[in-house]
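All remarks here apply to the structure that follows.
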Amino acid sequence: MPPEFPDFRLGNVLATSFTGTLSERHGDAVERIPAPHRLVDWLAVSGLAVDSCTTAQLDLARELRESIHAAATATAIQDALPASAVHVINECSAQGRAAAILTPEGKRRWQLSSASCVEDALSVIAADAISIIAGERDGKLALCASPTCRAAFFDTSQSRTRKWCDMNTCGNRQKKARFHANQRKSPGSAE
């Protein structure tokens with residue numbers, strides 16, 4: 001039996017993984033958080049567990065997601081940041097109550113209190129977006145080369161020339177399409 005909802009596409013960067021909850025933006029869009037409980041699920045697998053989510057909180061999350069995507073896209077193409085996106089990101093960042101803690105492995109992890117709500121988790125995502133858009137982390141914002149995807153991702157490859165948001169999906173799909181196109185162009189070459 002197929003899953004009720006599409007799988008989450010998780011990456012190493014919280015903010016761009018969050019924007020990936022809507023994929024194939026320029027094709028047949030895939031909404032990965034179509035209901036409040038799916039946002040709760042995504043937050044849990046991202047280390048930001050909350051007990052519940054309302055429809056209004058889901059709407060706020062989607063507004064933040066689209067604002068991060070707009071700001072990341074503008075940064076990737078070296079355009080001015082949209083003022084409305086900056087406003088939403090800043091508002092969400094300021095609303096939350098989360099603490100950064102140091103793990104025994106020397107990593108930063110966000111900790112929400114036991115009474116945390118969706119807004120607290122969204123503030124962590126907004127803060128992460130601010131750090132990558134502001135250029136505070138080693139890497140570069142880029143857009144997926146797939147014409148139907150165009151997802152924002154944070155490229156930390158040594159050369160900063162990564163083309164795909166995810167090699168296992170967009171990269172393979174594009175390589176297969178190119179292979180099949182080449183096969184159609186030269187069907188008689190194997191004779």
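The numbers here are math on the coordinates, done by the rules we state, and not lab data. Quantities reported herein were computed from a predicted structural model and do not represent experimental measurements. Reconstructed Cβ throughout: ideal geometry from the backbone, glycine too, with neighbour counts over all protein chains shown.
Less than 5 angstrom separates the built amide H of SER146 from those of CYS165, all sequence-distant by 5 or more or on a different chain. In the elastic network of the chain, a GNM with C-alpha springs shorter than 10 Å, the most mobile of TRP164, TRP110, TRP42 is TRP110. Take every pair of alpha-carbon atoms less than 8 Å apart whose residues are at least six positions apart; their mean separation over the length of the chain yields a relative contact order of 20 percent. Relative to the Cα centre, the charge distribution of the chain, modelled as +1 at Lys and Arg Cβ and -1 at Asp and Glu Cβ, gives a dipole magnitude of about 920 debye. Across ASN168, ASN90, ASN12, mean-square fluctuation computed from a Gaussian network of the chain (C-alpha pairs under 10 Å connected) peaks at ASN168. In this structure the amide hydrogen of ASP155, modeled in the peptide plane, comes within under 5 Å of the amide hydrogens of LYS140, LEU141, ALA142, none closer than 5 places in sequence on its chain. Listed as lacking a disulfide-compatible partner in the chain: CYS53, CYS92, CYS117, CYS170, by the criterion of no other cysteine Cβ under 4.7 Å. With contributions of -39500 (n - 2.57) from each DSSP H run of at least four residues, the per-residue ellipticity at 222 nm computed over the chain stands at -13500 deg cm²/dmol. For segment 1-106, trypsin sites (Lys or Arg not before Pro) meeting the loop criterion (DSSP other than H, G, I, E, B) and having at most 15 other Cβ atoms within 10 Å: ARG97.
Considering only SER17, THR75, LEU102, and ranking their Cα positions along the charge dipole of segment 1-142 that arises from unit charges at the beta-carbon of Lys, Arg, Asp and Glu, the one farthest toward the positive end is LEU102.
Straight Cα distances below 29 angstrom link LYS175 to the lysines LYS140, LYS163, LYS185, with same-chain residues fewer than 8 positions distant left out. Taking the longest Cα principal axis of the chain as reference, the axis of helix 118-133 is set at about 60 degrees.
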